[in-house]
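> First, the structure itself, so that you have it in front of you.
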Amino acid sequence: MNKNKYGQYMTPKIIADFMVSLANINLESRILEPSSGEGVFLNALKKQGYKQITAYEIDKSIIKNNNNVINESFISAKIAKGFDLIIGNPPYIRWKNLEQELKDELLNNVLWGKYCNSLCDYSSIFIIKAIELLRENGQLIFITPEYWINTTHSAILRNYMLDYGCFEEIYHFNETPIFAKATVSTIIFKFIKSSKKSNKKIKIAKFFKNKKINEDILKTQKSS
Ligand SMILES: C[S@@+](CC[C@H](N)C(=O)[O-])C[C@H]1O[C@@H](n2cnc3c(N)ncnc32)[C@H](O)[C@@H]1O
């Protein structure tokens, strides 16, 4: 049995607050957190006054009672489209490390069959399904490992994203430690779903210092 079969790496509160601050929406906007864990994004969103929040989490044992989270797999859940914002930290698990039941779910999934293969990891389907669920001009703000921005086998994912919209902002944290139990090079990206091609420049901020992240660093990243 895999010790962390669901890829549970909880996002620090300051990172969730930072990511919520990147959203350009209003208080009535429809928001989705597809893999809410202990609810750090839900708390950050509620603190800002957002009301229409839907959330999914596969592991009942970590859902906190005060957050109305649906205990169901985001991958198979039937969800009405049209979100203004989808935000979170999707689970990152390599295919070879996925439990058989999770592989079976992917093998039965139309989007996985169309855009992914066994070189993709679990987070790919969260990105693709999230984009499917956004409205035109809806925003996707995720924190993920950085590798898929560069690797050849993630070309299908990148091409899918460029067909359906554009990146607006990418924050590279490189080796900066962000998660307590994981040492992985991390990015935060903001992607806009759009059927129109955009010539707007992508804002790219890079942080190289191998130093614990804090609010001042995040403020500098945002204004740089
Ligand atoms: C990287 S953690 C992030 C949790 C939370 N969003 C945060 O940022 O602290 C990913 C979460 O996805 C959940 N998860 C894994 N597979 C899932 C699925 N198929 N549907 C919904 N949630 C899932 C895990 O249990 C875990 O809580």
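The values are calculated or read from the model by the stated rules, or taken from the named source; none is laboratory data. The model shown is predicted, which means the values in this text are computed figures rather than measured ones. Using ideal geometry, Cβ is built from the backbone for each residue, glycine included, and neighbour counts are taken over all protein chains shown.
> Any chance you could count how many residues in the stretch 48-75 are in a strand (DSSP E or B) and either small (Gly, Ala, Ser) or under 17 Å from the mean Cα position of the chain (by Cα) (or both)?
Counting residues in the stretch 48-75 that are in a strand (DSSP E or B) and either small (Gly, Ala, Ser) or under 17 Å from the mean Cα position of the chain (by Cα) (or both) gives 5.
> Tell me, please, whether a residue that is within 16 Å of the ligand (Cβ to nearest atom) and surrounded by 15 or more Cβ atoms within 10 Å (Cβ to Cβ) can be found in the stretch 161-175.
Taking every residue of the stretch 161-175 in turn, at least one turns out to be within 16 Å of the ligand (Cβ to nearest atom) and surrounded by 15 or more Cβ atoms within 10 Å (Cβ to Cβ).
> List the number of the failed condition for GLU38; all other conditions in (1) within 19 Å of LYS64 (Cβ to Cβ); (2) of a type in the set (D, E, K, R); (3) out of contact with any Leu (no Cβ under 9 Å at 6 or more places or on another chain); (4) more than 8 Å from the ligand (Cβ to nearest atom) hold.
For GLU38, the failing item is (4).
> If the requirement is being under 18 Å from the mean Cα position of the chain (by Cα) and in a strand (DSSP E or B), which of these qualifies: LEU45, LEU32?
Unique residue meeting the criteria: LEU32.
> List pairs: first in the stretch 129-145 and farther than 12 Å from GLU33 by Cβ and modelled with pLDDT of 95 or more, second assigned to a strand (DSSP E or B) and among the hydroxyl-bearing types (Ser, Thr, Tyr), Cβ under 6 Å, 6+ apart or cross-chain?
none
> Any residue at all in the stretch 64-80 that is over 29 Å from ASN117 (Cβ atoms), charged (D, E, K, R) and modelled with pLDDT under 95?
yes
> Specify which of the listed residues (PHE179, PHE208) is exposed (fewer than 13 other Cβ atoms within 10 Å of the Cβ), of a type in the set (Phe, Trp, Tyr) and modelled with pLDDT under 90.
None of the other options fit; the residue is PHE208.
> Could you tell me which residue of the stretch 87-125 is farthest from THR186 (Cα to Cα), considering only residues that are of a type in the set (Val, Ile, Thr) and surrounded by 12 or more Cβ atoms within 10 Å (Cβ to Cβ)?
ILE125
> Right, here's the next one. Looking at ASN89, ASN68, ASN43, can you tell me which residue is of a type outside the set (Asp, Glu) and near the ligand (Cβ under 8 Å from one of its atoms)?
ASN89
> Does TYR6 qualify as being of a type in the set (Ser, Thr, Tyr), surrounded by 15 or more Cβ atoms within 10 Å (Cβ to Cβ), in a loop (DSSP other than H, G, I, E, B) and more than 9 Å from the ligand (Cβ to nearest atom)?
no
> Would you mind telling me which numbered condition in (1) without any contact (Cβ under 8 Å) to a residue 24 or more places away in the chain; (2) more than 11 Å from the ligand (Cβ to nearest atom) GLU101 fails?
(2)
> Would you confirm, using the coordinates I've provided, whether LEU27 is touching a Gly at 6+ places or on another chain (Cβ under 8 Å), of a type outside the set (Asp, Glu), more than 10 Å from the ligand (Cβ to nearest atom) and in a loop (DSSP other than H, G, I, E, B)?
yes
> Further question on the same structure: Just to verify a result, which residue in the stretch 71-86, among those that are among the charged types (D, E, K, R) and surrounded by fewer than 20 Cβ atoms within 10 Å (Cβ to Cβ), is farthest from the ligand (Cβ to nearest atom)?
Filtering first and then ranking leaves LYS81.
> Next question. Sort out which residues of the stretch 171-193 are free of Cβ contacts under 8 Å to residues at least 40 places away in the same chain and outside any loop (DSSP other than H, G, I, E, B), and write them in order of number.
Once the filter is applied, which keeps residues that are free of Cβ contacts under 8 Å to residues at least 40 places away in the same chain and outside any loop (DSSP other than H, G, I, E, B), the stretch 171-193 yields HIS172, ASN174.
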